[in-house]
Structure formats: C-alpha cells, structure tokens
Amino acid sequence: MAQIESVSQQYTQVGVLTFSPVQAFLGGGRKLRDWAVGSWLCHYLTAAIIDRWERDLKGKVLMPLTYNCKLSKWLSNEREYPITEEFWRASLPNVITGLHSQDNWQEIAKSLVREEWQKLVKNLETVTIRPENYRHSINGIGWKTIKRDCDCLWSVYSDSFPLDPSTLPETISQLHQRIDTQKQGRRWNKSWWAGRTSPTDASLSIWHPGMQPIDNPQGKGRWGMPYGELNLWWEKLASSHRKTGIFDSSDRLNSLELIKRLSSLPKIIEPTLEQIWSRKPPLCPWERFPDSSAAAATWIVDGVAANYWNKQISSWQKTFLPKSKASAKWGIDKVDKNDFNYGHPRVLERRNVRDYWKSRFQKFKKIQQNKLAKWDATIPASWDCTIEWTVGWRGDGDDIGSWISEEQFQKLRLDKEQWHLAEDKFTRHRGIHWHPNGYQLYQDCNLARIFNFLTLFQFWNELLIHLSEKEHYGKVIFAGGDDFLVLGGLHDAIPLTSNLYRLWRGEATTITSPTEDEGWVKFEPEQQRYPVPGKFINFSLGIVIAQRRIPQSLWHRGLEKAYKEAKLAGKNRVCLNILFNSNQSFKWICPWSLWTLLMEETQPDTQVNTALNRWEKLLFYIERTKPQANSRTQVKKLLTALLESVGIALNWDNVRRAVRNDGRQEIENWQWWQDWVSIRAFLARQQLKQEQWKSQVFQEAQEVAKS
C-alpha cells in the first residue's frame, strides 16, 4: 500500500499519445531504402518524444519499453556505445503510454510531436544546404514548401485519466480504446497525405483539399511550385547526385518523400543528429541498404557458381554502368557474408541503366537511346527471372490488447500463475538479475505481468531478426513488439513463412529447439533460453509477392491490406497475395493450422511429369468442375478424386484433424481450394523457370571452361 501511495504522490495522471498517418508516410517512396528510412524516422520521433516526456515533463513512460533500445540509450547519453545495425533499425511503435502530472495533456502532446519533428526538419535543412553538401542544387524555394508541409504532417491523438495505481491495467486499456476510436473516426487535425497516390506526386508540396496549383491559369492558386521551376530544381538535384545514385533522373518526390530520401544519406543524417544532440551517432549503414534487384536475386547464391555469375555481371557492368562497382555489397547479410563474393545485380534492371546514362548525358538523347538499345540486345531475356519477384512479410499479433488487459486469460480459462511468462519462470530461465532498472515501478502499479509481456516481444524480435537475416536471405525493416516487416526473395516465400510460424509457437526451427516449458525455446547459437509468444497467443501474417516494376506504394498498401484481411477472415491466418505488373492480382487466405500440410507436406509425384504440369492440370480440372453444394462431403469426394487423378497425395483425414473448428468454413469452400491450387501452380511455374535458367547457366559455364 505504501508503494502505491508513493506512485500516486509522484504522478497524478496516466496518459497516452499517438501520431498518424504513419502508414501513409511509410508508403510514399520509390526505393526500398525510403521504406526503411521512413520507419526509422517514426522510430526516432517516438524515442525523442519519450526522452522529452521523462526529461522535461518529469514523467515515466511505461510503454513501449526502451531499456534495450540503442537509440533511446544514445538520446539519454548512456555510456554504452550502441551497436550500429541495432541503432539504425526501427523498433519503437508510434503509441506511447506513461505517467505524468500535467493538466493540459492534449496540448502538451501536440507540442511534443510538432516540436521534435520540426527540430529534425530544421536541422536537416541546415546540414543539407551547407556548401560542402548540396547548397547550389537543393537550396531555394523548395525548403519553404518542405517546412510548411512538415508542419502539418502529423495528426496527434491523446488522452489522459487520473492515476489510480490499483486499476492501472484497466485504465490503460480504456485509454487505448479511446485513442483507436478517434483514429478510426478519421478525426484528422491536419491535412491528410496518402503517399504516391496523392495529388502531390511530382509536385513537391503536400496537397491541401480544395487548393489550386500555384500556376493555375486563373491566377488564384496557392499550392505547390510552378512546374517549370520545379522541373529545373529536380534536374539540378539529379545531376548533382549522379555519382551517388541517391536521386534518379526520373525522381519527382513530394516534400515528405524528399525528407526520407535526404535522411537516407549518411553525410546528411549523421551531422543532423550530431547538431541536435551534440554528440556523434554511430556510422549510418543505409548506403548499403538493398535495392529491389538485390532482394529479388538472392536465390542465385544457392544455385549458381560465383565465378560464372561475376564474369557475366562484371562484363555487363563495365559496358552499361562503367562507374559503378560490380563488387558492391548487396545489403543482405547472408549474401555479403557468403564465402564467395557475388557481383551486385543492378545492371540487370533496365531502368538503372536508363537513369545512369540520362544523368550523364541529359542533352544527348541519342547516346541514351543507343545505350538502352545495346542493353536490350545484350542482356538475355532469360536473365529476367533472376530479379523478377520480391516478397514482403507483414506480421501482427492477434488480440494483444486483450492479453495486456488480461481479458484473454478469462476467455481461454488460463491460470495466470501457470502462464509461461509468470515471473518465477522468467527468473528460472533468464536468471535472477534479468530485471532492468525501473522494474520496481511496474510492480508497484500492478503492471508486472504487462512488463513481462512487453519484455517477451523484445526477446522474440531478437530471434526474428536472427532467423530472417542469418538463416534466410531477408532484411528486417521494422521489428517492434508484436509487429514486424521483413523483405526478401521468392525462394524464401514458403520456408521463411513456415519458420516464422514455428518460431512464434515455440516449435523447432533452424535456430531454436523446444524446451520442457511451453512458450520457451533454446536459442542454439547462444545456448540460451528465450521466451516466445507460444501456442496460446496467435498472430496474423500478410505476404505480398510483387513482380518487378510494381510501384513501391502499391506493394506497401498490399502488405497492409493482406495482414488486415487475414485478421478479418478470423485471425490466426496468413494471407498470401500476388501482385503482377499487368495490374492483376490474386490472393489466398489460409488458417495457420493448414499451412504446413498444404504448402510443404503436400507434393505431387514428379517421377514422370514436372510439378508445374501436375498443378496446372489439377487447376484445369478444378476450374471446370464444381460440387453440387459447398458441403464438406461434396468437396471432400470431388477434391480427393481430382487430386488422385494427377498424382497429388492429400489425405482428407489429415485436413480434418488439422483444422478442428478453426478453418471448417474454408475447407468446405470450393473456390478456396481453387485459389490454393492457383498459388501452388504459380510457385511451381517460377521454380521451374529458375531451375531451367540454372541449367542453362551451368551448360554455358561448362562450355566456357572447355574453351
């Protein structure tokens, strides 16, 4: 009781704030690097707000946890020098909950967000227009537009209740519900921006509804910049950066996209942070961030000899990108740390060649056309498959708010004391000294279980990053709490998805093994025990397989939509969506309970025919056959007969046992099975293309060796 009274005397309110629209901010951009930088800028804004909350307002932030966040340690000037990759990886969400003693909380929350963002943009401008940087190419009217737009970027939602430590979990749950209601009600405080699909595309300025362009013939426009002036500004910018490749000749970014692009330059973002915080940050690695061609081509490392690949890539690079380094890092750990170096595949993307020569010979279109014509005649069409597909994984835990408020314990009839995150199990597995400074406050406020829950996901994210980047050819964009975003290649679409599911549940993966305690695994590289969400906490996953030249904003929206559709379909599911550059797409939503059976264990007999032949024949049959009714009996009978006719073994009893009650609706739907076969046929088609290409390359390499 005395401890609770002490908390009440120190703080009088519990508050929450969030800023939006984060997803719209992330979605605008042209390069994968823009995506990662946008995530980090939101991560930075959260960390800066937390620092102000605790330093200036004398409050205490409860969520998110920051004791393991390298950026937060650096902001608070802790002596521990942060690890570079961890410092520059986004992990903090945009919802902040904590204790304070302020009366006008909503105004304070708005000022915190606005002031920290304006401080970043102002210092970014100062560093950018220094003479040694880009004063002559990026100074001028553009910054007036940029700063005006950044002033009205974020809508801030906040609320605060009087503090009662005895009911704090319930109060926090109510506050989060109120904030979600505000956001879902679209109570925007400022202009809304929607990334590339907005009217601002190529116009630098954010569009304010109802405003007319500044060069409107009627003379009443107030928005943007005159087109001629804007075009000249971009041409100068692209020309000054032709060696770095940071700006393409075709780039016409709006103001917020430009902020992200400038922030991706180490020579800009490092001195910007130093200017704000009076100390040097770790070296920024974003110049080595993978582009789409690198992310898509990772599969060649496991199937093509490095010497042949490098000989071809180096030859084409010297011809079409003579000033670029063929041996440059890909930005993907498993490729860059491979025993053999593989040349970067950027020369295989036509637009890279186009932009390269356009930036050097802007006034000589004939030279540009000749180079592109030569590229068209030189690069074999069969090599397209090496960089054809890129994959994104967007995951999010189900009912996490209900777990934090402890509603799920009652719903599932779980004993809190026997839960795998009970404190005695944490202490037994992680040691008596695992609690960081500040844990006592959580105990005093009846939040010890919430603290353990939040700590769980910090451990989980460590495993997620290791699995994605060390065991697979992935790149983690964001990993914070139960929310994550990973990019990679097509060959990892099924294996990484399966491993993410097993890792979450505590099953065996390439880096972990189960223990006697459910929800705890042994992390083999460190021989250390880690908590994972386990079998009671579910998550939904969205996967988007995007064909080359799909706009990044469309890919981003597809990922956001995919994981939300998995939740709408019943949660505890994975939604796989394929986007073609012909503006076509198709999707399939699968309960996790059926994923392994249908995507890994069910394989066709390929002794006589290829897997593609079997799946396409089954698709042909299934499209022309329909049961009289969508009943389990009818679907089972017809599907079993069709599967047997093409040599694909799928035992219906295994399907029924796997789904139990979750998934009955799917397996009784004929269209659902047709979508599954379509997905398998697509994957088999791409695998066959890759195998044929590898076979062709192997034969060519042998012929070269003989000669």
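Tallying residues that are surrounded by 14 or more Cβ atoms within 10 Å (Cβ to Cβ) and closer than 15 Å to residue 52 by Cβ within segment 77-93 yields 1. In segment 538-556, the condition of being surrounded by fewer than 16 Cβ atoms within 10 Å (Cβ to Cβ) and not in a loop (DSSP other than H, G, I, E, B) is met by no residue. Only a single criterion out of (1) more than 30 Å from residue 534 (Cβ to Cβ); (2) in the same structural domain as residue 485 (by TED's automatic domain parsing); (3) not charged (D, E, K, R) is not satisfied by residue 356, namely (2). Looking only at segment 2-48, which residues are among the small types (Gly, Ala, Ser) and either at pLDDT 95 or above or under 14 Å from the mean Cα position of the chain (by Cα) (or both)? Within segment 2-48, 15, 24, 27, 28, 29, 36, 38, 39, 47, 48 meet the criteria. Just name the residue that is modelled with the highest pLDDT out of those in segment 693-707 that are in contact with a helix residue (DSSP H, G or I) (Cβ under 8 Å, 6 or more places away or on another chain) and either of a type in the set (Ser, Thr, Tyr) or exposed (fewer than 14 other Cβ atoms within 10 Å of the Cβ) (or both). Selected residue: 696.
Here residue 94 fulfils each of the conditions (1) touching a residue at least 12 places away in the same chain (Cβ under 8 Å); (2) farther than 26 Å from residue 146 by Cβ apart from (2). The set of residues in segment 640-662 being on the phi < 0 side of the Ramachandran plot and touching a residue at least 60 places away in the same chain (Cβ under 8 Å) consists of 655, 658, 659, 662.
Taking the criterion of being buried (at least 19 other Cβ atoms within 10 Å of the Cβ) and either more than 17 Å from residue 643 (Cβ to Cβ) or of a type in the set (Phe, Trp, Tyr) (or both), the residues of segment 671-681 that qualify are 673, 676. Among the residues of segment 509-529, not a single one is part of a helix (DSSP H, G or I) and under 22 Å from residue 467 (Cα atoms). Residue 574 passes every criterion in (1) of a type in the set (A, V, I, L, M); (2) touching a Ser or Thr at 6+ places or on another chain (Cβ under 9 Å); (3) modelled with pLDDT under 95; (4) not in a helix (DSSP H, G or I) apart from (3). Within segment 65-82, being part of a loop (DSSP other than H, G, I, E, B) and either more than 21 Å from the chain's Cα centre (by Cα) or at pLDDT 95 or above (or both) holds for 67, 76, 77, 78, 79, 80, 81, 82.
Just one of the numbered conditions (1) buried (at least 17 other Cβ atoms within 10 Å of the Cβ); (2) closer than 24 Å to residue 399 by Cβ; (3) in the same structural domain as residue 393 (by TED's automatic domain parsing) is not true of residue 662: (3).
Residues of segment 453-505 that are modelled with pLDDT of 95 or more and either assigned by TED's automatic domain parsing to the domain that holds residue 300 or assigned to a loop (DSSP other than H, G, I, E, B) (or both): 472, 473, 474. Scanning segment 407-428 for residues that are closer than 25 Å to residue 177 by Cα and of a type outside the set (S, T, N, Q) yields 407, 409, 411, 412, 413, 414, 416, 421.
This table checks each residue for (1) of a type in the set (Ser, Thr, Tyr); (2) within 21 Å of residue 443 (Cα to Cα); (3) in contact (Cβ under 8 Å) with a residue 24 or more places away in the chain.
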position: 31; (1), (2), (3): no, no, yes
position: 35; (1), (2), (3): no, no, yes
position: 52; (1), (2), (3): no, no, yes
position: 74; (1), (2), (3): no, no, yes
position: 90; (1), (2), (3): no, no, yes
position: 98; (1), (2), (3): no, yes, yes
position: 101; (1), (2), (3): yes, yes, yes
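Yes or no, residue by residue, for (1) over 16 Å from residue 682 (Cβ atoms); (2) out of contact with any Phe, Trp or Tyr (no Cβ under 9 Å at 6 or more places or on another chain); (3) surrounded by 18 or more Cβ atoms within 10 Å (Cβ to Cβ); (4) touching a residue at least 60 places away in the same chain (Cβ under 8 Å):
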site	(1), (2), (3), (4)
590	no, no, yes, yes
595	yes, no, yes, yes
605	yes, yes, no, no
638	yes, no, yes, no
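The C-beta contact set for segment 416-427 (first residue exposed (fewer than 13 other Cβ atoms within 10 Å of the Cβ), second residue assigned to a helix (DSSP H, G or I) and at pLDDT below 75, distance under 9 angstrom, 6+ apart or interchain) comprises 424/417.
For segment 525-542, residues that are over 21 Å from residue 593 (Cα atoms) and under 26 Å from the mean Cα position of the chain (by Cα) total 3.
Annotation note: of 577, 572, 583, 613, the sole residue that is outside the structural domain of residue 667 (by TED's automatic domain parsing) and free of Cβ contacts under 8 Å to residues at least 12 places away in the same chain is 583. Being within 30 Å of residue 549 (Cα to Cα) and among the acidic types (Asp, Glu) is the filter; apply it to segment 563-615 and report the residue that is farthest from the chain's Cα centre (by Cα). Result: 600.
Look at segment 116-130: where a residue is outside the structural domain of residue 51 (by TED's automatic domain parsing), no partner that is modelled with pLDDT of 90 or more and of a type in the set (D, E, K, R) sits 6+ places away or on another chain with Cβ atoms under 8 Å. With the condition kept exactly as written, say whether any residue in segment 529-548 is of a type outside the set (Val, Ile, Thr) and at pLDDT below 90. No, there is no match, as no residue in segment 529-548 is of a type outside the set (Val, Ile, Thr) and at pLDDT below 90. Find the residue count for segment 342-374, including only residues that are within 26 Å of residue 690 (Cα to Cα) and not in a helix (DSSP H, G or I). Residues flagged as within 26 Å of residue 690 (Cα to Cα) and not in a helix (DSSP H, G or I) within segment 342-374 amount to 4.
All conditions but one from (1) aliphatic (A, V, I, L, M); (2) touching a strand residue (DSSP E or B) at 6+ places or on another chain (Cβ under 9 Å); (3) surrounded by fewer than 16 Cβ atoms within 10 Å (Cβ to Cβ) apply to residue 688; the one that does not is (2). Of the residues making up segment 280-311, those that are part of a helix (DSSP H, G or I) and of a type in the set (A, V, I, L, M) are 294, 295, 296, 297, 300, 301, 306.
The values are calculated or read from the model by the stated rules, or taken from the named source; none is laboratory data. All figures in this text were calculated on a predicted structure; none of them were measured in a lab. Note that each Cβ is placed from the backbone with ideal geometry, even for glycine, and that neighbours are counted across all protein chains shown.
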